[in-house]
Amino acid sequence: MRISWSYVLALIAFLFIPADSTETKPYADFIHVRIDGKPLHDILNSVLDTWDFKLPESGLRKGTGYIGANFRARRVVRDMLSGKRPVKIAVIGGTVSAAQHGVSKRGETDWVSLIGSWISKAFKGHNITVANHAVAGSTSAKTAPCVVSMLDPEVDMVFSEFVYDDGFESQILQNSRTRGYELLIRQLLMLPGRPAVIMMQTMVPGAAAEDKHPGKKAFHITQEDVYGALSQYYDVQWLSFRDATYRLAQHRPTPGLGYQDLMDPSPLHSLPSDAGHKVLADLAVWFMQQTAVDLALRPYDHTDVEQSSEPVPPSMFPKNTLHESVTCS
Ligand SMILES: *[C@@H]1O[C@H](CO)[C@@H](O)[C@H](O)[C@H]1NC(C)=O
């Protein structure tokens, strides 16, 4: 019997090409840049080699919704790297970050605790604190008048997680939820510590359900994209669990990365499980790593100082400022 060469080649290809195309070496291994003769990977090795990502690099890149100029976060990550001054990171948000459901060990496997333990390894010996102020069920509008009393005025970086609890309004022009979130962002940006503010956008109830489920919410049925206007207007960074996972979980179900894995108790609830919290932490770690690499390639200088001390611009919705009579309740 004659065996055709094309058959043999196909067999060899089958044996040697990895079945799972999402399996690849870590991003950091691709960095072959030297700075002042020193490999960048060595300069940043404690930051780059201390975290194993659950998401493939494609997911991390898709989940980076808006980075923009990033001046405030460049300042914070510079301080985290140098260890010359204490850095305070805070998380505000609702049900997802409060992590009363979905995670197996609150204080350990929720995304805020995960980034806290990474930070203590990656920036060893530096005084960096991570505080979780999330309260289940809280919305951005209700949190706006409260943040000043909730947070340390000198906080350096604030992750803000609200889309899960904010609900949805299908109009753009007069969207009361976006108006409410704008008030919150303004309060944060005006804090004395001039914190970097990062929107941590999770999936909303129904968004992770199977397409055929009657409770399924389509990709765009969320406040996330409308809040994107605020992100771009204020240069507030936008990380997206939905964007990071949708292709892998919904369109091309990938072992370990399906919504059955990432959500607990079910994709319909769209509340992250331990694996889902790992994905959220992935996004935050990737963001800080990318900012560190950016700082190495484009060192911090006077333009950062000028840009990050710019006054907060007028509101995006005309005259949308917090009324003095509105108090924290
Ligand atoms: C860390 O910094 C805070 C101020 O933000 C300070 O109160 C605390 O004593 C410092 N801790 C250490 C171990 O230096």
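The values are calculated or read from the model by the stated rules, or taken from the named source; none is laboratory data. None of these values were measured; they are calculated from a predicted model. Ideal geometry is used to build each Cβ from the backbone, glycine not excepted, and the neighbour counts take in all protein chains shown.
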Selection from the stretch 163-172 of residues that are touching a residue at least 60 places away in the same chain (Cβ under 8 Å) and among the hydrophobic types (A, V, I, L, M, F, W, C): Val163
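Looking at Gln237, Gln187, Gln232, Gln201, can you tell me which residue is polar (S, T, N, Q), modelled with pLDDT of 95 or more and over 18 Å from the mean Cα position of the chain (by Cα)?
Testing whether each residue is polar (S, T, N, Q), modelled with pLDDT of 95 or more and over 18 Å from the mean Cα position of the chain (by Cα) leaves just Gln187.
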Which numbered condition Lys319 misses (of (1) surrounded by fewer than 19 Cβ atoms within 10 Å (Cβ to Cβ); (2) on the phi > 0 side of the Ramachandran plot; (3) touching a strand residue (DSSP E or B) at 6+ places or on another chain (Cβ under 9 Å)): (3)
Inter-residue pairs, beta-carbon under 9 Å, first at positive phi and more than 16 Å from the ligand (Cβ to nearest atom) and in the stretch 134-162, second assigned to a loop (DSSP other than H, G, I, E, B) and at pLDDT 95 or above, 6+ apart: Gly137/Gly94
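Take the stretch 105-134 and flag every residue that is assigned to a loop (DSSP other than H, G, I, E, B), buried (at least 18 other Cβ atoms within 10 Å of the Cβ) and not hydroxyl-bearing (Ser, Thr, Tyr).
Residues of the stretch 105-134 assigned to a loop (DSSP other than H, G, I, E, B): 105-110, 123-127, 133-134.
Checking which are buried (at least 18 other Cβ atoms within 10 Å of the Cβ) leaves us with 109-110, 123, 133-134.
Across the stretch 105-134, the qualifying residues are Asp110, Phe123, His133, Ala134.
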Matching option when the condition is modelled with pLDDT of 95 or more and touching a Lys or Arg at 6+ places or on another chain (Cβ under 6 Å), among Tyr246, Tyr300, Tyr259: Tyr300
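Output yes when any residue across the stretch 85-96 is in a loop (DSSP other than H, G, I, E, B), within 13 Å of the ligand (Cβ to nearest atom) and more than 23 Å from Asp49 (Cβ to Cβ), and no when none is.
Taking the stretch 85-96 first, the residues in a loop (DSSP other than H, G, I, E, B) are 85-86, 94.
The next check asks that each one be within 13 Å of the ligand (Cβ to nearest atom); those that pass are 85-86.
In the following step, the residues that additionally are more than 23 Å from Asp49 (Cβ to Cβ) were identified as 85-86.
Yes, there is a match, as at least one residue in the stretch 85-96 is in a loop (DSSP other than H, G, I, E, B), within 13 Å of the ligand (Cβ to nearest atom) and more than 23 Å from Asp49 (Cβ to Cβ).
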Which numbered condition Ala281 misses (of (1) in a loop (DSSP other than H, G, I, E, B); (2) in contact with a Phe, Trp or Tyr (Cβ under 6 Å, 6 or more places away or on another chain); (3) surrounded by 18 or more Cβ atoms within 10 Å (Cβ to Cβ)): (1)
Residue check, Glu224 closer than 22 Å to Ala281 by Cβ, surrounded by 18 or more Cβ atoms within 10 Å (Cβ to Cβ) and touching a Lys or Arg at 6+ places or on another chain (Cβ under 8 Å): yes
Single condition Ser231 does not satisfy, out of (1) out of contact with any strand residue (DSSP E or B) (no Cβ under 8 Å at 6 or more places or on another chain); (2) closer than 28 Å to Ala69 by Cβ; (3) among the small types (Gly, Ala, Ser): (1)
Residues of the stretch 102-132 satisfying the condition of being within 16 Å of the ligand (Cβ to nearest atom), among the small types (Gly, Ala, Ser) and in contact (Cβ under 8 Å) with a residue 12 or more places away in the chain: Gly116, Gly125, Ala131
